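In what follows, a single structure is set out as structure tokens and then discussed.
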Amino acid sequence: MSLADNPLSFAYWVPNVSGGLVVSTIEQRTDHGPAYNIEVARTAEQVGFDYALTQVRYLASYGADAQHESVSFSLGLLAATERLRVIAAIHPGQWPPHILAKLASTAQALHDNRLALNVVSGWFKDEYTRLGLDWLDHEERYRRSEEFIEVLHGLWQEEPFTFRGDFYRTRDVVFRPSPARAPEIFQGGNSGAAREMAGRLSDVYFMNGSTVEGVREQVVDVRGRAERHGRADAVRFGLNGFAVVRDTDTEAVDVVEEIIARADGDKVRSFGEAVKQAGASAPDGKGMWADSEFRDLVQYNDGFRTGLIGTPEQVARRIVDYKAAGVDVLLLGFLHVHEDLERFGREVIPLVRELEESGYGVEPPGDHPQPPRAVGAVA
């Protein structure tokens, strides 16, 4: 049996915010400006990446003291590339759905249907309250996101479209032109509300960094919810990871330990306090970052937990273990974004393809060599 019939997709975090992808004083050879990011995007599609995810941040915080707006930045990357699909992160409550639906429809026509959207329900309270926007409790934020996605789909697919919700309303809308292909809808989350939203509406459910066992639990749960909504095969699964590929596993582990040793403690603790409040606000206590520790939060989507640290061969095998657990899209962060991304594409992705062809990972992981303990699950 071969896994090559359904190859894993690779994505990377676009560094469109300052400060790099770890909250550390370690050198990060990266830049959040357009020219650098266009160069990275062109390299990414040449070396095997399928997606780029543009971050959304409106306020200076946690080391991201400057940022470019995600949707306009994504359109710039689409214009500069030929194959790469670009995922623009957006917040309901900050975008009217009809404006975003029209923008996305036009972008699909301009850029060969390569725009996708990452619907972020929101964890950063200050980003709403300081801008004078309504801050809702955890469950209400996800209800609003569900209505937001329903309105997007309705405007793109139904004519005329009428919607009566608690947050959004439309009446007899004729919305033309419809996109030839609706943008894929990605979402993050970990709570029951997030999982239910994915099972009912989303195309890709993004998970924070986790162990193979943690990923498998979420995949089984969300697939079960999707099946109850008649969408058994409709949801795909994305996983965040921070990749450090070096010639030896010792060298790779040393890089991670230096990142953590040089963490900006005040910023990490401030970020940790904010996200733990968000995670704890979920009634089931399973919100994102609910059990993250200091070393996890140095990479702000728990990327170290995924354990993609080591030699190209070690990292490739670890990746296919995650694929066997149900991962369809691997979302990667890097320390030195351009050079590390290029190395990953040239040295790791071909090994993953070879392992997919060979059938490695068909059986559940367990007997395969694991990455060094220092970069696996939380200590």
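The values are calculated or read from the model by the stated rules, or taken from the named source; none is laboratory data. If you're wondering where the values come from, they're calculated on a predicted model, not measured in any experiment. Here Cβ is always computed from backbone atoms with ideal geometry, including for glycine, and neighbour counts include all displayed protein chains.
Annotations
- Qualifying position, being of a type in the set (Gly, Ala, Ser) and either modelled with pLDDT of 95 or more or within 27 Å of PRO350 (Cα to Cα) (or both), among GLY238, GLY272, GLY265: GLY238
- Members of the stretch 115-137 found to be at pLDDT below 90 and touching a Pro at 6+ places or on another chain (Cβ under 8 Å), listed by number: GLY122
- ASP137 being surrounded by fewer than 18 Cβ atoms within 10 Å (Cβ to Cβ) and touching a residue at least 24 places away in the same chain (Cβ under 8 Å): yes
- The strands (runs of 3 or more DSSP E) found entirely in the stretch 45-164 include none that carry 1 or more residues being under 21 Å from the mean Cα position of the chain (by Cα), farther than 19 Å from VAL337 by Cβ and hydroxyl-bearing (Ser, Thr, Tyr).
The rows are residues; the columns are (1) at pLDDT 95 or above; (2) surrounded by fewer than 19 Cβ atoms within 10 Å (Cβ to Cβ); (3) in contact with a strand residue (DSSP E or B) (Cβ under 9 Å, 6 or more places away or on another chain); (4) among the polar types (S, T, N, Q).
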| position | (1), (2), (3), (4) |
| --- | --- |
| TYR12 | yes, no, yes, no |
| ASN16 | yes, no, yes, yes |
| GLY19 | no, no, yes, no |
| LEU53 | yes, no, yes, no |
| PHE73 | yes, no, yes, no |
| ALA79 | yes, yes, no, no |
| ALA88 | yes, no, yes, no |
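- Any hit, the stretch 222-234, residues being closer than 25 Å to ASP340 by Cα, modelled with pLDDT of 95 or more and either in contact with a Pro (Cβ under 8 Å, 6 or more places away or on another chain) or of a type outside the set (A, V, I, L, M) (or both): no
- The residues of the stretch 298-321 that are of a type outside the set (S, T, N, Q) and under 16 Å from GLY214 (Cβ atoms), listed by number, are ASP302, GLY303, PHE304, ARG305, GLY307, LEU308, ARG318, ILE319, ASP321.
- From the options ASP249, ASP221, residue that is under 22 Å from ILE349 (Cβ atoms), of a type outside the set (Val, Ile, Thr) and touching a helix residue (DSSP H, G or I) at 6+ places or on another chain (Cβ under 8 Å): ASP249
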